[in-house]
Amino acid sequence: MRKIELAEVTAKIKDMFIDACENIPDNVLCTLKSAEKREESPLGREVIGKIVENDLLARDKRLPICQDTGVAVVMLTIGSEVVFEGDIYEAVNEGVRQAYTEGYLRKSVVRHPLDRVNTKDNTPAIVHVKIVPGDSFRIDVAPKGGGSENMSVVKMLIPADGVEGIKKLVLDTVYNAGGKPCPPVIVGLGIGGNFEKCALMAKEALFREIDDHSPDPIARKLEDELLEEINRLGVGPMGFGGTVTCLAVKVNTYPCHIASLPVAINIQCHAARHKTCTL
Amino acid sequence: MIRMTNPVDEKLVRSLRAGDVVHITGVIYTGRDAAHKRLCELLKKGEPLPIDVKNSVIYYVGPTPAKPGRAIGSAGPTSSYRMDPYAEPLMQQGLKVMVGKGSRSAEFKQLLQKYGAVYLSAIGGAAASISETIKKCEVVTYEDLGAEAIHRLEVEDFYAIVTYDSVGNDLFEQGVKKYRKA
């Protein structure tokens, strides 16, 4: 058995959220820069140029990239030989609390969806746990903004809808969202599983690196085709029209019921902030 | 480049066209969901507003807390459609310019024509850069709302793009039509 101190987890979570909010990943920045070159609309190029300028300024002056520093999403991949003495969820929440209160990040969480009183420390986080063999412990975090999350969709298609049905749903969703989710976006797709599994897969898809590709040839083909088709929609940077609406499509899949074709679409804005670490 | 100061010139507002780039210098007010709700409740009760919205600019933003030595934290626009239900009562009071991001309802676009007002977009997610153009920030009212309180901002060369003008033009529609290849 391997014991991991909860204080270490808390400290790590705190650092990761502050860093994520201020420091755009290099591969996201590279993708934005090449998108700026590819964009056909002059206004679209100007908009992406301003986004790149912003991300560099945020990194340089240690400022949040976006004022929406999000809901704290945390994915823990825990080896079955790892033990914690105490409450791992509380350790994570304490890290989030410290990051958002001490790190000058915006508190965007309300304690109840209907009475809407702000918790003032951005807790609770949304925590997903996966158990794997061994004694490793990996933390993935993402501050997820509300604007793009609000444009996300879960739909139970039927097998007859097939790939064409999935594509239509994705294209309609991105087109109708227009400028609201702050395009150019990243589209995370969860296909298969069941109602809740596909939603989680769509989120996990957004945690993948922006420049990776699915190892599954069926998913990979769909990623490539959808990226091209979304960029033909004309939505463009911030919805002002253009040829770069989407930076990447990520497809994760899982076996499902013979009667079902669950599809979840999770939209990520251009401020694709996430951090990973292994303890 | 078009320069705008406050109080905004009604003739200038009416002359703006979708796609124009505007640089705003002067005072603007912030407000988002919760503050708008309170303002409209006051108007419904026939009570005066805590800010004079006549010929003014409202920016839909909830900034991050300011780091030491800075006027304001990161301060990019939030999605504007959530403020659509509150737009008309404020335009009735003379509000002329709203700044946010993303598309809004067809009804809202018609109201702009009715009241001679405009909707501008700031660049969503360019919050650190935008904060550099905000020189002063103070809470006017609703301090209990935190980031959602109404703030009075003094801005210099605040960059915005005319998105819906007062004669029915829509930059989103025009742009998407031009680049759609499907």
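Read-outs: derived from the displayed coordinates by stated rules, not from any lab. Predicted model, so just to flag it, every value in this text is computed and none were measured. Cβ coordinates were reconstructed from backbone atoms using ideal geometry, including for glycine residues, and neighbour counts include every protein chain displayed.
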Q. For chain B, modelled as a Gaussian network with Cα springs under 10 Å, which listed residue fluctuates most, B:Ser129, B:Ser74, B:Ser103?
A. B:Ser129
Q: Looking at chain A, send over the antiparallel percent of its DSSP beta bridges, to the nearest 5.
A: 55
(Q) Kirkwood hydrodynamic radius, computed over distinct alpha-carbon pairs, for segment A:179-279: how many Å, to one decimal? (A) 14.0
Q. Can you pull out the GluC sites (Glu not before Pro) in segment A:147-217 that DSSP calls coil and that have at most 16 other Cβ atoms within 10 Å?
A. A:Glu209
Q.
Using only the alpha-carbon atoms, what does segment A:1-146 span along each of its principal axes? Please give whole angstrom values in decreasing order.
A. 57, 40, 28
Q) So which of A:Lys144/A:Lys180; A:Lys33/B:Lys136; A:Lys33/A:Lys130 end up more than 24 Å apart, counting from Cα to Cα? A) A:Lys33/B:Lys136; A:Lys33/A:Lys130
**Q.** All-pairs alpha carbon distance profile, chain B, 10 Å steps from 0, percent
**A.** 10, 40, 37, 11, 2, 0
Q: In a Gaussian network model over chain A where Cα atoms closer than 10 Å are linked, find which of A:Ile265, A:Ile88, A:Ile210 has the largest mean-square fluctuation.
A: A:Ile88
**Q.** Cβ-based charge dipole, the protein assembly as shown, positive-most Cα from A:His128, A:Ser148, B:Ile58
**A.** B:Ile58
Q. Just how large is the dipole of chain A about the Cα centre, in debye to the nearest 20, putting +1 at every Lys and Arg Cβ and -1 at every Asp and Glu Cβ?
A. 460
Q) When Lys and Arg each count +1 and Asp and Glu each count -1, what net charge do the other residues less than 13 Å away from A:Glu8, Cβ to Cβ, add up to? A) 0
(Q) From zero outward in steps of 5 Å, how is the percent of C-alpha pairs of segment A:229-279 spread across the bins? (A) 4, 14, 18, 17, 15, 13, 11, 7, 1
Q: Equivalent ellipsoid semi-axes for segment B:1-62, as square roots of 5 times the alpha carbon gyration tensor eigenvalues: give them largest first, rounded to whole Å.
A: 26, 13, 10
Q: Could you pull out the longest piece of chain A with no exposed loop trypsin sites (Lys or Arg not before Pro) in it, calling a site exposed if DSSP puts it outside H, G, I, E, B and it has at most 12 other Cβ atoms within 10 Å?
A: A:117-279
**Q.** Free-standing Cys residues across chain A, given no other cysteine C-beta under 4.7 angstrom
**A.** A:Cys21, A:Cys30, A:Cys66, A:Cys198, A:Cys246, A:Cys256, A:Cys277
**Q.** Label-point separation, A:Tyr254 to A:Asn194 (7 Å along Cα→Cβ), nm
**A.** 1.0
Q: Report, in cubic angstrom per residue, the convex hull volume of the C-alpha atoms of segment B:111-170.
A: 121
Q) Taking only the alpha-carbon atoms of segment B:71-141, what semi-axes of the equivalent ellipsoid follow from 5 times the gyration tensor eigenvalues under a square root, in whole Å, largest first? A) 25, 15, 10
Q) How fast does segment B:25-97 diffuse by Stokes-Einstein, in µm²/s, taking the Kirkwood radius from C-alpha pairs at 20 °C and 1.002 mPa s? A) 162
(Q) With a cap of 16 neighbouring Cβ atoms within 10 Å, and only residues DSSP puts in a loop, list the GluC sites (Glu not before Pro) found in segment A:76-117. (A) A:Glu81, A:Glu85
**Q.** Over the protein assembly as shown: Kirkwood hydrodynamic radius from C-alpha pairwise inverse distances, Å
**A.** 22.8
**Q.** Over the protein assembly as shown: helical MRE at 222 nm, DSSP H runs n ≥ 4 each giving -39500 (n - 2.57), nearest 500
**A.** -11000 deg cm²/dmol
Q) When DSSP assigns beta bridges and you keep just the ones with both residues in chain B, what percent turn out antiparallel, to the nearest 5? A) 60
